[in-house]
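The values are calculated or read from the model by the stated rules, or taken from the named source; none is laboratory data. What you are looking at is a predicted structure, and each value in this text was computed from that prediction instead of being measured. Don't worry about glycine lacking a Cβ; one is built from the backbone with ideal geometry, like all the others, and counts go over all protein chains shown.
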Ligand code: GRG
């Protein structure tokens, strides 16, 4: 059997996730405007790197990627809710996200807030009710607990609060790392751990994959900081709303552009090294390291 190239795998992953997210919203018996608002942000052109990480991990253990589809959709719902809420006037007050009007600009603050709430809760419903012959109830509970921890007060929300408190301050390296480890990192670690749980990986394998994804999450953030100063004007325009950069410490402000690039390269090397100890063929996870290092948006 021919092994699909990484670009074929990534394309299939994106198609699958977008189709299934559409189906999940479609089957909801909810007010039309709520469904439209959820769908608007779910289908607004995200890169889908989190689902790709989950599918690549399943593939490493020779498992079909369909078994991870509900969990990948749930994760993308939580990621999307975080972006909708982050753009609200009470948070970053952004007009554009991914180059398009933000959810509250189109649907109003009330509906945007509720669409975010609905996406957050629907994510847990989707995992709790998923039906795959190979996925046990124990695995579902483990996934729900892991997702709640990653997205909640000990994860993404903790990072967001620390980030807000850091506004206007010059941060130490450890403080910046805390923010990124939680705000961005936890939702990049989750898909890898989730893929490993779904594949029935051993605790040792899960620990190795966690180490890998923590490094990858860090690299993702460093690259983000680099793109914020290095992108073309058009790209930076499209990125407006992806983060506030002016008054915040970043890897570039702490280490200079050249320093940040060096840390990025070293972090990606370490991430790949951590994969080397696994007894599986994690080819697409190596490819994702390249993707993170070379991405342009
Ligand atoms: C719940 C209000 C609230 C906030 C949670 C995650 C987060 C904190 C806010 C989102 C804003 C932000 C810019 C976070 C940094 C992480 C980041 C670069 C997110 C964008 O992820 P991508 O690049 O987005 O994967 P796409 O558009 O491709 O889906």
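Among residues of segment 149-181 being under 13 Å from the mean Cα position of the chain (by Cα) and near the ligand (Cβ under 9 Å from one of its atoms), the one that is farthest from residue 263 (Cα to Cα) is 151.
Conditions tested, residue by residue: (1) buried (at least 19 other Cβ atoms within 10 Å of the Cβ); (2) in contact with a helix residue (DSSP H, G or I) (Cβ under 8 Å, 6 or more places away or on another chain); (3) at pLDDT 95 or above; (4) not in a helix (DSSP H, G or I).
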| position | (1), (2), (3), (4) |
| --- | --- |
| 16 | yes, yes, yes, no |
| 23 | no, no, yes, no |
| 30 | no, yes, yes, yes |
| 35 | no, yes, yes, no |
| 39 | no, yes, yes, no |
| 45 | no, no, no, yes |
| 55 | yes, yes, yes, no |
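With respect to the stated conditions, residue 99 is at pLDDT below 95 and in contact with a helix residue (DSSP H, G or I) (Cβ under 6 Å, 6 or more places away or on another chain).
Reported count of residues in segment 166-183, each being at pLDDT 95 or above and outside any helix (DSSP H, G or I), is 0.
Scanning segment 281-297 for residues that are closer than 21 Å to residue 227 by Cα and under 16 Å from the mean Cα position of the chain (by Cα) yields 288, 289, 291, 292, 293, 295, 297. As for segment 208-224, it holds at least one residue that is over 17 Å from the mean Cα position of the chain (by Cα) and at pLDDT 95 or above. Of the residues 71, 126, 141, only one is touching a helix residue (DSSP H, G or I) at 6+ places or on another chain (Cβ under 6 Å) and under 30 Å from residue 277 (Cα atoms); which? When all the criteria are applied, what remains is 71. For segment 150-164, residues that are surrounded by fewer than 20 Cβ atoms within 10 Å (Cβ to Cβ) and within 18 Å of residue 71 (Cα to Cα) total 1.
Every test in (1) assigned to a helix (DSSP H, G or I); (2) away from the ligand (no atom under 12 Å from the Cβ) is passed by residue 63 save one, and that test is (1). Of the residues 134, 138, 109, which single one is over 26 Å from residue 221 (Cβ atoms), surrounded by fewer than 20 Cβ atoms within 10 Å (Cβ to Cβ) and modelled with pLDDT under 95? Residue meeting the stated conditions: 134. Per the listing 134, 138, 146, the residue uniquely away from the ligand (no atom under 16 Å from the Cβ) and in a loop (DSSP other than H, G, I, E, B) is 134.
Counting only residues that are touching a residue at least 40 places away in the same chain (Cβ under 8 Å), within 16 Å of the chain's Cα centre (by Cα) and farther than 16 Å from residue 45 by Cα, segment 74-100 holds 2 of them. Here the condition is being in a helix (DSSP H, G or I) and within 12 Å of the ligand (Cβ to nearest atom); of 186, 210, 204, it holds for 186 alone. Filtering 110, 117 for residues that are in contact (Cβ under 8 Å) with a residue 12 or more places away in the chain, in a helix (DSSP H, G or I) and touching a helix residue (DSSP H, G or I) at 6+ places or on another chain (Cβ under 9 Å) leaves a single hit, 117.
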